[in-house]
Amino acid sequence: MATHLTVAAAQPVLATAHSVIHKRVEDWAVAPNLKDYSATRSAFSWAAALKELDGLPDGQGLNIAHEAIDRHACGPLRNHLAIRWIGKRGDVRDYTYGDLQILTNRFANVLKKLGAQKGDRVYVLAGRIPELYIAALGTLKQRCVFCPLFSAFGPQPIKARMTIGGAKLLVTTQCLYERKVRQIRNEVPTLEHVLIIPEEPGAELPPGTEDLTRLMAAAPPEDFNIEPTDPQDVALLHFTSGTTGTPKGAIHVHEAVVAHHITGKLALDFHADDIFWCTADPGWVTGTSYGIIAPLTNGITCIVDEEDFDAERWYRILQDQKVTVWYSAPTAIRMLMKTGKELPAKYDLSSLRFLASVGEPLNPEAVVWSHETYGLPFHDNWWQTETGGIMIANFAAMDVRPGSMGKPLPGIDAAIVQKHKDGSVEEIVEPGVQGEIALRPGWPSMFRGYWQEKERYEKCFAGGFYFTGDLAKRDADGYYWFVGRKDDVIKTSGHLIGPFEVESVLLEHKAVADSAVIGKPDPMAGEIVKAFVLLHEGRQPTDDLRRELMAWARSRLGAAVAPKEIEFVTTLPRTRSGKIMRRLLKNREMGLPEGDTSTLEQS
Ligand code: AMP
């Protein structure tokens, strides 16, 4: 296990009791790609970053799948391991860059045969199985738009996302189709084809679906020519949530690959021959940008584990697969902490070189714990669905201040700002003052819109900035420190949940008159989804009804989104204009002062 870092006395940063973890040049096992933050930042240009990619042959544009697969498959990395898939039962399947080229060609040919055209939305609802990765990249080859759906979503979130994006084609497994899609299929009129990955070869499939395995076998493996792809052509549609309204489809274009590639190199410190494990699910943006695209464009090996979190299994994978770079999330890290230091001591984790974390606040204790336990700290980084790639990070060569998200990536202009009531925007330069994180548009993986919601998109910009909705402070040395969300979205186990989506489903139950949903702080998951429910007159707030509502929500929303707690109430706070005051409920839940209640409707 690498133990090449030193801990020194704390610097006077934003009130943190934790030590700074210093990085010393003489301790580098491998020289980081970003050795000097300021120098790399000032020398950086996106034009130079683009030059690290090949572009389609004959100047035909830029296509993510070409950069991720074909350029390697046609060069010295053809036989290099691209993806090692580990199944739930421990079975292993290896895919070289050459294998991936053939399989993604087949998938792209399937799409072509079915009449899927440039810009058509291809949804994939699957666990972390090889077909998901093949479908994602094959979709991009055919210049269709890849839209991942988290497999733990229930029928409602699936229907909402397919409806908003106008799904033309869905790839899913037989089991997920039966459990979650069959019942809503006819409610998505744009859906022309459902391609099923059968439970077992030759299994009888539901009517109106097609067998992906058979279609793939019949499709030509070679000679898929990616048609000219404009860097601004839409490539990815990632759904995210706001406080109100339906989920939002964040649009990303093929040019995003420039950011995926370079941030993989600079923030995750990818080196040739790295074995990289991103534990995120491609149903969320991290699992696509860094679980598929960035490692492949960098020509390294990705580990994909089909199974969910299990501490022993994870340590075994890190050991047996000789993982060098590990990208995970705070909830998982906290669960590893809970299992203690003895367990990892039983495994040889000496291959690990760089650890990174994203998705929710990484508590300083977790950074210090990982440093003590693995000899390496987790490097927190920050970004969101809309930014497409890592924006703020702790870099391999930079001192880590536990609790801080680090500094903006080269090429990223970040600021702490305040928007005044008159619409003017003030940049806060004074250290330690809280404001909203804002970014100057212009990086390649910036979202280009919310699908068919121009106004919602435009509202995110003011004074030449994109407003992220996250509150933070910056210290005198330029490190960013997360404070919280400005809105009411919920982060549970790293997954972003819109309260409105949950409230709507609860309201569909005949006993429910009104509901409000908040993120209740939780030591492990960061937050859990908690619902306050007001019942119709005559309905009794019994435990049986609570269980019924829980089951109702789970069957419609899926386990990832449904509330973990339901509290019956007799009133719900609303503003005079009728908006639910979730913040007040949250403050009450946390035992905090109620805050500004001047707009509260007195009932
Ligand atoms: P998503 O769009 O689902 O990836 O969620 C993005 C949101 O997750 C951000 O706007 C933050 O609120 C939160 N987030 C992501 N990374 C971090 C981090 N390192 N620290 C704190 N919050 C984070």
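The values are calculated or read from the model by the stated rules, or taken from the named source; none is laboratory data. Predicted, not measured: the structure shown is a model, and the values here were computed from it. Glycine gets a Cβ as well: all are built from the backbone with ideal geometry, and neighbour counts include every protein chain shown. Each accessible area value is taken on the protein alone, full model and side chains, heavy atoms only, with ligands, DNA and RNA left out. Shrake-Rupley method; radii C 1.70, N 1.55, O 1.52, S 1.80 Å.
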* Asked: If we scan region 358-372, do we find a residue that is open to solvent by less than 20 Å² (accessible area, probe 1.4 Å), modelled with pLDDT of 95 or more and away from the ligand (no atom under 16 Å from the Cβ)?
  -> no
* Asked: Which numbered condition trips up Val483, out of (1) within 16 Å of the ligand (Cβ to nearest atom); (2) outside any strand (DSSP E or B); (3) β-branched (Val, Ile, Thr); (4) open to solvent by 60 Å² or more (accessible area, probe 1.4 Å)?
  -> (2)
* Which of the residues belonging to region 15-65 are out of contact with any Asp or Glu (no Cβ under 8 Å at 6 or more places or on another chain), of a type in the set (Lys, Arg) and assigned to a loop (DSSP other than H, G, I, E, B)? -> Arg24, Lys35, Lys51
* Taking Thr246 and the conditions (1) open to solvent by 40 Å² or more (accessible area, probe 1.4 Å); (2) in the same structural domain as Ile102 (by TED's automatic domain parsing); (3) not basic (Lys, Arg), which numbered condition does it fall short on, given that it satisfies the others? -> (2)
* For region 420-430, indicate whether the set of residues that are more than 24 Å from the chain's Cα centre (by Cα), open to solvent by 40 Å² or more (accessible area, probe 1.4 Å) and within 15 Å of the ligand (Cβ to nearest atom) is non-empty. => no
* Quick one: how many residues across region 399-416 are more than 13 Å from Trp481 (Cα to Cα), touching a helix residue (DSSP H, G or I) at 6+ places or on another chain (Cβ under 9 Å) and open to solvent by 20 Å² or more (accessible area, probe 1.4 Å)? -> 1
* Asked: Only one of (1) open to solvent by 10 Å² or more (accessible area, probe 1.4 Å); (2) assigned to a loop (DSSP other than H, G, I, E, B); (3) aliphatic (A, V, I, L, M) fails for Met337. Which number is that?
  -> (2)
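Can you name the residue in region 265-288 that is among the aliphatic types (A, V, I, L, M) and under 20 Å from Ser350 (Cβ atoms) and is also nearest to the ligand (Cβ to nearest atom) among such residues? I'd like the intermediate steps shown before the answer.
First, the residues of region 265-288 that are among the aliphatic types (A, V, I, L, M): 266-268, 272, 275, 280, 285.
So of that shortlist, the ones also under 20 Å from Ser350 (Cβ atoms) come out as 268, 272, 275.
Details: Leu268: 14, Ala272: 27, Ile275: 24 Å.
Result: Leu268.
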* To do: Pick out the one residue from Thr240, Thr246 that is under 27 Å from Ser504 (Cβ atoms) and modelled with pLDDT under 95.
  => Thr246
* Asked: Can you tell which of Gly90, Gly115 is modelled with pLDDT of 95 or more and either more than 25 Å from Pro444 (Cα to Cα) or outside the structural domain of Ser445 (by TED's automatic domain parsing) (or both)?
  -> Gly115
* Which listed residue, of Arg547, Arg539, Arg576, is touching an Asp or Glu at 6+ places or on another chain (Cβ under 6 Å), without any contact (Cβ under 8 Å) to a residue 60 or more places away in the chain and surrounded by fewer than 17 Cβ atoms within 10 Å (Cβ to Cβ) -> Arg576
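Taking into account only those residues within region 496-540 that are β-branched (Val, Ile, Thr) and in a helix (DSSP H, G or I), which is nearest to the chain's Cα centre (by Cα)?
First, the residues of region 496-540 that are β-branched (Val, Ile, Thr): 497, 502, 505, 512, 517-518, 528-529, 533.
Narrowing further to those that are in a helix (DSSP H, G or I): 502, 505.
Working: Val502: 20, Val505: 24 Å.
Top of the filtered list is Val502.
How many residues does region 84-113 contain that are assigned to a strand (DSSP E or B) and either out of contact with any strand residue (DSSP E or B) (no Cβ under 7 Å at 6 or more places or on another chain) or in contact (Cβ under 8 Å) with a residue 12 or more places away in the chain (or both)?
Step one: filter region 84-113 for residues assigned to a strand (DSSP E or B), giving 84-86, 92-96.
Keeping just the survivors that are either out of contact with any strand residue (DSSP E or B) (no Cβ under 7 Å at 6 or more places or on another chain) or in contact (Cβ under 8 Å) with a residue 12 or more places away in the chain (or both) gives 84-86, 93-96.
Here the count works out to 7.
Would you say Asp470 is within 14 Å of the ligand (Cβ to nearest atom) and either among the aliphatic types (A, V, I, L, M) or outside any strand (DSSP E or B) (or both)?
On the way: within 14 Å of the ligand (Cβ to nearest atom): yes; either among the aliphatic types (A, V, I, L, M) or outside any strand (DSSP E or B) (or both): no.
No: the conditions fail for Asp470.
Is one or more of the residues making up region 436-444 assigned by TED's automatic domain parsing to the domain that holds Leu268, touching a residue at least 60 places away in the same chain (Cβ under 8 Å) and surrounded by fewer than 23 Cβ atoms within 10 Å (Cβ to Cβ)? I'd like the intermediate steps shown before the answer.
Here is the first cut: in region 436-444, the ones assigned by TED's automatic domain parsing to the domain that holds Leu268 are 436-444.
Filter once more, so that each one left must be touching a residue at least 60 places away in the same chain (Cβ under 8 Å): 442-444.
Retained after the next criterion (residues that are surrounded by fewer than 23 Cβ atoms within 10 Å (Cβ to Cβ)): 442.
Checked against the condition, which is being assigned by TED's automatic domain parsing to the domain that holds Leu268, touching a residue at least 60 places away in the same chain (Cβ under 8 Å) and surrounded by fewer than 23 Cβ atoms within 10 Å (Cβ to Cβ), region 436-444 yields at least one hit.
Of all residues in region 319-330, which are part of a helix (DSSP H, G or I) and open to solvent by 10 Å² or more (accessible area, probe 1.4 Å)? Walk me through how you get there before you give the answer.
Filtering region 319-330 for residues part of a helix (DSSP H, G or I) gives 319-320, 330.
Within region 319-330, Gln319, Asp320 qualify.
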* Structure fact -> For Glu436, the lone unmet condition from (1) within 11 Å of the ligand (Cβ to nearest atom); (2) assigned to a loop (DSSP other than H, G, I, E, B); (3) charged (D, E, K, R) is (2)
* Mind listing whichever residues of region 320-351 are hydrophobic (A, V, I, L, M, F, W, C), more than 20 Å from Ile292 (Cα to Cα) and more than 16 Å from the ligand (Cβ to nearest atom)? => Met335, Leu336, Met337, Leu343, Ala345, Leu349
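From the list Glu453, Glu501, which residue is over 26 Å from Phe44 (Cβ atoms) and either assigned by TED's automatic domain parsing to the domain that holds Leu268 or surrounded by fewer than 15 Cβ atoms within 10 Å (Cβ to Cβ) (or both)? Before the answer, list the steps.
On the way: Glu501 fails: either assigned by TED's automatic domain parsing to the domain that holds Leu268 or surrounded by fewer than 15 Cβ atoms within 10 Å (Cβ to Cβ) (or both).
So the residue among Glu453, Glu501 that is over 26 Å from Phe44 (Cβ atoms) and either assigned by TED's automatic domain parsing to the domain that holds Leu268 or surrounded by fewer than 15 Cβ atoms within 10 Å (Cβ to Cβ) (or both) is Glu453.
Mind checking whether some residue in region 166-182 is more than 23 Å from Pro201 (Cα to Cα), open to solvent by less than 20 Å² (accessible area, probe 1.4 Å) and touching a residue at least 40 places away in the same chain (Cβ under 8 Å)?
Here is the first cut: in region 166-182, the residues more than 23 Å from Pro201 (Cα to Cα) are 166-168.
Those still in the list that are open to solvent by less than 20 Å² (accessible area, probe 1.4 Å) too: 166-167.
Then keep just the ones that are touching a residue at least 40 places away in the same chain (Cβ under 8 Å); that gives 166-167.
Checking region 166-182: at least one residue is more than 23 Å from Pro201 (Cα to Cα), open to solvent by less than 20 Å² (accessible area, probe 1.4 Å) and touching a residue at least 40 places away in the same chain (Cβ under 8 Å).
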* Structure fact -> Quick count over region 251-281, residues being outside any helix (DSSP H, G or I), within 22 Å of Val145 (Cβ to Cβ), within 16 Å of the chain's Cα centre (by Cα) and β-branched (Val, Ile, Thr), is 1
* To do: Find all pairs meeting these conditions: Cβ atoms under 6 angstrom apart; at least six residues apart or on different chains; first residue within region 323-337 and closer than 15 Å to Arg353 by Cβ; second residue in a helix (DSSP H, G or I) and open to solvent by less than 10 Å² (accessible area, probe 1.4 Å).
  => Tyr327/Tyr290
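Would you mind finding the one in Gly519, Gly498, Gly526 that is touching a residue at least 60 places away in the same chain (Cβ under 8 Å) and on the phi > 0 side of the Ramachandran plot? Don't jump to the end; show me each part of the working.
Numbers: Gly519 fails: on the phi > 0 side of the Ramachandran plot; Gly498 fails: on the phi > 0 side of the Ramachandran plot.
Only one candidate qualifies: Gly526.
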* Asked: Name the residues in region 150-177 that are part of a helix (DSSP H, G or I) and closer than 16 Å to Ile197 by Cα, would you?
  -> Gln174, Cys175, Leu176, Tyr177
